[in-house]
Amino acid sequence: MIQLYNTLSRQIESLRPINPPKIGLYSCGPTVYSFAHIGNLRAYVIWDTLRRTLTLNDLQVQHVMNITDVGHLTDDADSGEDKMIIAMRREGKSAFDIAEFYTKAFLSDMRRLNVLEPHAMPRATAHVAEQIEMIKLLETRGFTYRTTDGIYFDTSKLADYGKLSGQKLEEKMAGVRVEMGEKKSPTDFALWKFSPANVTREMEWDSTWGVGFPGWHIECSAMSRKYLGVPFDIHTGGVDHIAVHHENELAQTEGAFGKLQANIWMHNEFLTVDAGKMGKSLGNMYNMQDVLDRRFEPLAFRYLCLGTHYRTKLNFTWEALKGAQNALQKLYERVRELEAPAIGCADYERDFLSAMNNDLNTPQALAVMWRLFDDVELPSAGKAQSLLYFDQVLGLGLENYIGKALEIPADVQSLVDDRQRARVEKDWARSDELRAQIQALGYEIDDRAVGTRLRKVA
Ligand code: AMP
Ligand code: ZN
């Protein structure tokens, strides 16, 4: 039984697939107007481990992740500018080029982190017709009203609006300044925004209401329905999405189809940097390039994410990433020493699976993995086999290391031999110089009590 925390019911629930063995999983994806930051990357790593865990349980996952390439305003409450338009101005490119560039960058980040590509990645701009159709349905069912700047969802028409966040209107709005405009209630939100008069947007579409573009929330309701139906099994996103984006997705789908959008709603806690908020102006909005520039293995970031439960805040520091990288290197070194995989250990595999099935307890799953190494009773080949099993979820690329001695290029080996001679002669200056040369070729030397070891660095 897979147990997952459901934000909607505020409790841990057993997953009961709607159409076993199939599972429909929808994750809110990137707004492709800039590079994903490490907080976003944490979210994608987490939902990838969810997908992998479901697969390990022999479920057939259909994972859908949207690409937002229109309609995401800077302020989730329907004011501010479209993020894509801001990027167009900043970079002097067309919306299409911006979306294409940052989608490619996103996919490259995902590959580096061993995040499996979703089965479908629908783009909002390619599904405007579906969004218009859904807004029409909402209109027919009396959930909409028109203002001078758009068509809005009337949240007062849905008796249990607010059930995802569990907040009453006053709580929801405490401390939040909402541009009311002509909205009837601060929680009402745009389904369709009209293009401003006398301005031609590159991204605008004709509709029965007038030329304009869809609001941000409607894309996920329309596309999740198209690719997964209503209801589907699991919907995911960061905790920032609970109060507005997901509350509104859920409301629209219920309004239009009279059904719950998804049975289980899962949310990851935030990644913070140096115990604070990330921000462009704070200069700490790190992305994959920053990780690479500091010569970290991208998978060290994945390992770092696995070390913290997804519903706990992860405080990112470069020291913490260094610690994760050291642990990962140690793991690679240890698996290199194993024999070829054969017949895994059922007890450890069961413990690992039950940790993951217990609301994705990745820290405990990692602990099971490390415990396996220290079990002197277990044959090496069995450890190797079970590690391959664990890695179906961990995604640390262990298959590239298990039982494979490090292949050292001849030029590096000859420097290592020279350094060994220098050490015998106690020529420490020469030894240090050679170490630096070896390092420049991408290898690090580790002198142990018995012998010297080499490791490849990123
Ligand atoms: P966005 O492109 O802003 O819509 O964000 C993409 C995903 O990353 C969403 O699921 C967000 O909830 C999530 N997210 C945004 N910021 C953070 C953060 N600091 N830590 C973890 N997840 C985040
Ligand atoms: Zn969404």
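Condition first: closer than 18 Å to residue 124 by Cβ, in contact (Cβ under 8 Å) with a residue 40 or more places away in the chain, open to solvent by 70 Å² or more (accessible area, probe 1.4 Å) and of a type outside the set (Val, Ile, Thr). Can you find one or more residues in the stretch 176-187 that meet it? Outline the logic, then answer.
Of the stretch 176-187, the ones closer than 18 Å to residue 124 by Cβ are none.
Checking the stretch 176-187: not a single residue is closer than 18 Å to residue 124 by Cβ, in contact (Cβ under 8 Å) with a residue 40 or more places away in the chain, open to solvent by 70 Å² or more (accessible area, probe 1.4 Å) and of a type outside the set (Val, Ile, Thr).
Among the residues of the stretch 100-110, is any within 22 Å of residue 238 (Cβ to Cβ) and among the acidic types (Asp, Glu)? Looking for residues that are within 22 Å of residue 238 (Cβ to Cβ) and among the acidic types (Asp, Glu), one finds at least one in the stretch 100-110, hence yes. If you take the residues of the stretch 303-312 that are touching a residue at least 40 places away in the same chain (Cβ under 8 Å) and not β-branched (Val, Ile, Thr), which of them is most open to solvent (accessible area, probe 1.4 Å)? The selected residue is 311.
Give me the residue from the stretch 217-256 that is of a type in the set (A, V, I, L, M) and away from ligand 1 (no atom under 16 Å from the Cβ) and, out of that set, nearest to residue 68 (Cα to Cα). First the steps, then the outcome.
First, the residues of the stretch 217-256 that are of a type in the set (A, V, I, L, M): 218, 222-223, 228, 230, 234, 239, 242-244, 250-251, 256.
Okay, now just the ones that are also away from ligand 1 (no atom under 16 Å from the Cβ), so 222, 228, 230, 251, 256.
Working: 222: 13, 228: 18, 230: 21, 251: 19, 256: 22 Å.
Top of the filtered list is 222.
For (1) at pLDDT 95 or above; (2) on the phi > 0 side of the Ramachandran plot, each residue gets a yes or a no:
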{"position": "127", "(1), (2)": "yes, no"}
{"position": "134", "(1), (2)": "yes, no"}
{"position": "144", "(1), (2)": "yes, no"}
{"position": "149", "(1), (2)": "no, no"}
{"position": "159", "(1), (2)": "no, no"}
{"position": "177", "(1), (2)": "no, no"}
{"position": "181", "(1), (2)": "no, yes"}
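Determine whether the stretch 398-413 contains at least one residue that is at pLDDT 90 or above, under 30 Å from residue 307 (Cα atoms) and open to solvent by less than 30 Å² (accessible area, probe 1.4 Å). Within the stretch 398-413 (the criterion being at pLDDT 90 or above, under 30 Å from residue 307 (Cα atoms) and open to solvent by less than 30 Å² (accessible area, probe 1.4 Å)), the answer is yes, since at least one residue qualifies.
Among the candidates 315, 287, 326, single out the residue that is open to solvent by 20 Å² or more (accessible area, probe 1.4 Å) and either more than 20 Å from the chain's Cα centre (by Cα) or under 17 Å from residue 457 (Cα atoms) (or both). Reasoning before the result, please.
Numbers: 315 fails: either more than 20 Å from the chain's Cα centre (by Cα) or under 17 Å from residue 457 (Cα atoms) (or both); 287 fails: either more than 20 Å from the chain's Cα centre (by Cα) or under 17 Å from residue 457 (Cα atoms) (or both).
Criteria check complete, one pass: 326.
Here the stretch 333-385 is the region considered, the condition is being in contact (Cβ under 8 Å) with a residue 12 or more places away in the chain, in contact with a strand residue (DSSP E or B) (Cβ under 8 Å, 6 or more places away or on another chain) and in a helix (DSSP H, G or I), and the residue that is least open to solvent (accessible area, probe 1.4 Å) is 357.
So that you can scan it fast, the table gives a plain yes or no per residue for (1) open to solvent by less than 40 Å² (accessible area, probe 1.4 Å); (2) among the charged types (D, E, K, R); (3) farther than 21 Å from residue 288 by Cβ; (4) outside any strand (DSSP E or B):
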site: 1; (1), (2), (3), (4): no, no, yes, yes
site: 23; (1), (2), (3), (4): yes, no, yes, no
site: 34; (1), (2), (3), (4): yes, no, no, yes
site: 41; (1), (2), (3), (4): yes, no, no, yes
site: 46; (1), (2), (3), (4): yes, no, no, yes
site: 55; (1), (2), (3), (4): no, no, yes, yes
site: 62; (1), (2), (3), (4): no, no, yes, no
site: 102; (1), (2), (3), (4): yes, no, no, yes
site: 109; (1), (2), (3), (4): yes, yes, no, yes
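Is the stretch 12-19 home to any residue that is within 16 Å of ligand 2 (Cβ to nearest atom), surrounded by fewer than 23 Cβ atoms within 10 Å (Cβ to Cβ) and either part of a loop (DSSP other than H, G, I, E, B) or of a type outside the set (Phe, Trp, Tyr) (or both)? Among the residues of the stretch 12-19, not one is within 16 Å of ligand 2 (Cβ to nearest atom), surrounded by fewer than 23 Cβ atoms within 10 Å (Cβ to Cβ) and either part of a loop (DSSP other than H, G, I, E, B) or of a type outside the set (Phe, Trp, Tyr) (or both), which makes the answer no.
The values are calculated or read from the model by the stated rules, or taken from the named source; none is laboratory data. Keep in mind that what you see is a predicted model, and the values were worked out from it rather than measured. Positions of Cβ are backbone-derived with ideal geometry, glycine not excepted, and every protein chain shown enters the neighbour counts. Side chains are part of the model used for accessible areas, which takes the heavy atoms of the whole protein and leaves out ligands, DNA and RNA. Shrake-Rupley method; radii C 1.70, N 1.55, O 1.52, S 1.80 Å.
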